[in-house]
Amino acid sequence: NADSAMYRAKEIGRNNLQLFNVEMAAKAHEKLLHQEELRDAIARQEFVLHYQPQVNLHTGRVFAAEALVRWQHPERGLVTPADFIPLAEETGLIVAIGDWVLNAACRQNKAWQDAGLPPIIVSVNVSARQFSEGDCVSRVAAALRDSGLEACYLELELTESLIMQDVPAAIATMHELEALGVQLAIDDFGTGYSSLSALKSFPVSRLKIDRSFVQDLPGDEDDRAITGAIISLAQKLNLRVIAEGVETQAQVDFLRAAGCTEIQGYFFSKPLPTTDFERVFSVCHASKLIAEVDAA
Ligand code: C2E
Ligand code: MG
Ligand code: MG
Ligand code: MG
């Protein structure tokens, strides 16, 4: 009965293969649908920006905000970037989305200034394809020109992996952006593997310490060492440094003692819809509410 066993094995193999194909086809189909949906979303401008305040512990003020995109899906509600940025990146749709984000953020920041709010920097995340394709520099220049925002109030966040894809090209583009007058930051710092010698040649003005190093502070010895090292590296290279994902007073205390005075995280505020951000921002400026945290 070796024959029938063989037959069964083949049968099972074939069925599995079919199952596999059906699953693959379903996945591919689903992806295509999502891609179509995302394309429509761009056409219908179904995106919104939320703004997360960045606070300076010395002054107690909100001095900047990171613009974070959300997809306002007609049925699924507010979709977080983790659920559509990867597909957008893979399909190249990120270039159009990124362009929308850039323009919306510049217009919003200019509108705040025109409304008499104290000027702040708005940070925009730039994806790898957006940076390397589609003439990033002229798109940034156009967003500034169209909005009337002064370049120094725009910061672009680049990741180490984006830069490391092609270091000489990235440095050239960064210099062109720097020449426009925009600020550059390295996002999620410490999670990539930019060499320290390369870091020296990047025209960036600040490092953003990744949340993964912050979340277990101050208890985790390794994370204390890593964040401490990033902060002193930044100081020695004359770069500003901000900690992301700060959620507790204990984290604030550790970071401040280590010399990091710029903080972003739920401890102060989650990313907020525009009007909520405006409220928090004006209140903070009127009364320096946040300074009480510093004094504590
Ligand atoms: P990111 O640039 O590192 O942004 C920080 C993320 O951490 C945001 O998630 C923010 O909501 C979250 N966060 C901030 N503080 C805390 C905290 O205290 N605790 C916790 N648990 N989380 C905190 P979000 O908005 O979901 O964005 C995720 C990522 O999606 C961003 O990471 C960025 O890489 C990407 N992204 C967001 N908006 C854009 C965009 O407009 N363009 C591109 N290319 N990527 C974007
Ligand atoms: Mg970011
Ligand atoms: Mg980050
Ligand atoms: Mg990130």
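The values are calculated or read from the model by the stated rules, or taken from the named source; none is laboratory data. Computed from a predicted structure; not experimentally measured. So basically every Cβ, Gly included, is an ideal-geometry build from the backbone, and we count neighbours across all protein chains shown. Heavy atoms of the whole protein, side chains included, go into the accessibility calculation; ligands, DNA and RNA do not. Shrake-Rupley method; radii C 1.70, N 1.55, O 1.52, S 1.80 Å.
Screening Ser123, Ser127 for residues that are among the hydroxyl-bearing types (Ser, Thr, Tyr), in contact with a helix residue (DSSP H, G or I) (Cβ under 6 Å, 6 or more places away or on another chain) and in contact (Cβ under 8 Å) with a residue 40 or more places away in the chain leaves exactly one candidate, Ser127.
Which is within 16 Å of ligand 3 (Cβ to nearest atom) and either farther than 14 Å from Leu177 by Cα or of a type in the set (Ser, Thr, Tyr) (or both), of Ala115, Ala111, Ala128? It would help to see each step written out before you state the result.
Details: Ala115 fails: within 16 Å of ligand 3 (Cβ to nearest atom); Ala111 fails: within 16 Å of ligand 3 (Cβ to nearest atom).
Result: Ala128 is the single residue among Ala115, Ala111, Ala128 that is within 16 Å of ligand 3 (Cβ to nearest atom) and either farther than 14 Å from Leu177 by Cα or of a type in the set (Ser, Thr, Tyr) (or both).
Scanning region 149-158 turns up no residue that is within 16 Å of ligand 1 (Cβ to nearest atom), open to solvent by 10 Å² or more (accessible area, probe 1.4 Å) and either at pLDDT below 95 or closer than 19 Å to Gly98 by Cβ (or both).
Which of (1) over 14 Å from the mean Cα position of the chain (by Cα); (2) surrounded by 22 or more Cβ atoms within 10 Å (Cβ to Cβ); (3) outside any helix (DSSP H, G or I) does Glu75 not meet, given it meets every other one? Evaluating Glu75 over (1) over 14 Å from the mean Cα position of the chain (by Cα); (2) surrounded by 22 or more Cβ atoms within 10 Å (Cβ to Cβ); (3) outside any helix (DSSP H, G or I) leaves (2) as the failure.
Can you tell me how many residues within region 146-186 are of a type in the set (Asp, Glu) and assigned to a helix (DSSP H, G or I)? Give the derivation first.
Quick first cut of region 146-186, residues of a type in the set (Asp, Glu) only: 146, 150, 155, 157, 160, 166, 176, 178.
Next cut, assigned to a helix (DSSP H, G or I) only: 146, 160, 176, 178.
Here the count works out to 4.
Apart from one condition, Arg70 fits all of (1) among the charged types (D, E, K, R); (2) buried (at least 18 other Cβ atoms within 10 Å of the Cβ); (3) outside any strand (DSSP E or B); the exception is (3).
The residue of region 160-199 that is nearest to Ile120 (Cα to Cα), among those that are touching a strand residue (DSSP E or B) at 6+ places or on another chain (Cβ under 6 Å) and open to solvent by 40 Å² or more (accessible area, probe 1.4 Å), is Gln183. Apart from one condition, Thr227 fits all of (1) exposed (fewer than 15 other Cβ atoms within 10 Å of the Cβ); (2) over 25 Å from Val69 (Cβ atoms); (3) touching a helix residue (DSSP H, G or I) at 6+ places or on another chain (Cβ under 6 Å); the exception is (1).
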